[in-house]
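Below: one structure, written as structure tokens.
The values are calculated or read from the model by the stated rules, or taken from the named source; none is laboratory data. Keep in mind that this is a model prediction, so the values were computed, not measured. Here the Cβ positions follow ideal geometry from the backbone for every residue, glycine too, while neighbour counts run over all protein chains shown. The accessibility values were calculated without ligands, DNA or RNA, using every heavy atom of the protein model including side chains. Shrake-Rupley method; radii C 1.70, N 1.55, O 1.52, S 1.80 Å.
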Amino acid sequence: MASSVLAHFVLKERLNKLGVLGCISCIVGSVVVVLHAPEEHMPDSVEEIWDLATQPGFLAYAGTTLLLMAIVVVFIEPRYGQKNILIYLGICSSMGSLTVVSIKAVGVAIKLTLDGMNQLAYPHTWLFILVAVICGVSQLNYLNKALDTFDLAMVSPVYYVMFTTLTIVASSIMFKVESSFRLFS
């Protein structure tokens, strides 16, 4: 959102009413998510995160995401990527959701290693690092394509909403988080 406002003033990109509405929606959505976020359990080891990542629900999510992204990249992106902002940002956000859960595992590994429990001896740590790098590079590649093709004022709010939504979905599936959001409670 800040990048959209800065692009308006610094780069002289036009921020129309829809862009302003998108920025306001992002702010309101972020506040709602933060206020209703459940307590988070901190995994005790990379092995524990590996166990979560190999549960059928998350494997189905990750496999479906990778399969759909492969189909989009091979068949849809070459034809429609330059015309539809959702193509590049869908690829970017989907890969980003996998990057986030991998980075969480890498972060836990770093924390535990610094606390004296070496997690670098586990092959799972290196696999999470590899997944984080591959997904992160893919994510940045398609975000750059979106930014080269479309105005920042449109890319920023759409990307924010898609990335945040898919990250919440991936994290909820992997960490088995139940929503504490109740509309009428």
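Residues are listed down the side, and each one gets a yes or a no for (1) among the aliphatic types (A, V, I, L, M); (2) open to solvent by less than 50 Å² (accessible area, probe 1.4 Å):
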| position | (1), (2) |
| --- | --- |
| Gly107 | no, yes |
| His124 | no, yes |
| Leu127 | yes, no |
| Ala132 | yes, yes |
| Ser138 | no, yes |
| Phe150 | no, yes |
| Lys176 | no, no |
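When the stretch 133-157 is filtered for residues that are of a type in the set (Asp, Glu) and in a helix (DSSP H, G or I), only Asp148 remains. When the residues of the stretch 40-64 are narrowed to those that are of a type in the set (Ser, Thr, Tyr) and touching a residue at least 40 places away in the same chain (Cβ under 8 Å), which ends up surrounded by the most Cβ atoms within 10 Å (Cβ to Cβ)? Selected residue: Tyr61. Taken over the stretch 41-53, the residue count meeting the criterion of being farther than 19 Å from Ala121 by Cβ and part of a loop (DSSP other than H, G, I, E, B) is 2. Of the residues contained in the stretch 135-153, one or more are found to be closer than 20 Å to Ala60 by Cβ and modelled with pLDDT of 90 or more. Is it the case that Leu130 is in a helix (DSSP H, G or I) and among the aliphatic types (A, V, I, L, M)? Yes; evaluated as a whole, the condition is true for this residue.
Please go through the stretch 84-106 and give me each residue that is part of a helix (DSSP H, G or I) and without any contact (Cβ under 8 Å) to a residue 40 or more places away in the chain, ordered by number. Hits for the stretch 84-106 are Ile87, Ser102, Ile103, Val106.
For the residues Ser3, Ser30, the requirement of being open to solvent by less than 50 Å² (accessible area, probe 1.4 Å), at pLDDT below 95, assigned to a helix (DSSP H, G or I) and in contact with a Ser or Thr (Cβ under 6 Å, 6 or more places away or on another chain) singles out Ser3. Here Glu48, Glu40, Glu77 are screened, and the one residue that is more than 25 Å from Ser156 (Cβ to Cβ), among the acidic types (Asp, Glu) and modelled with pLDDT of 75 or more is Glu48.
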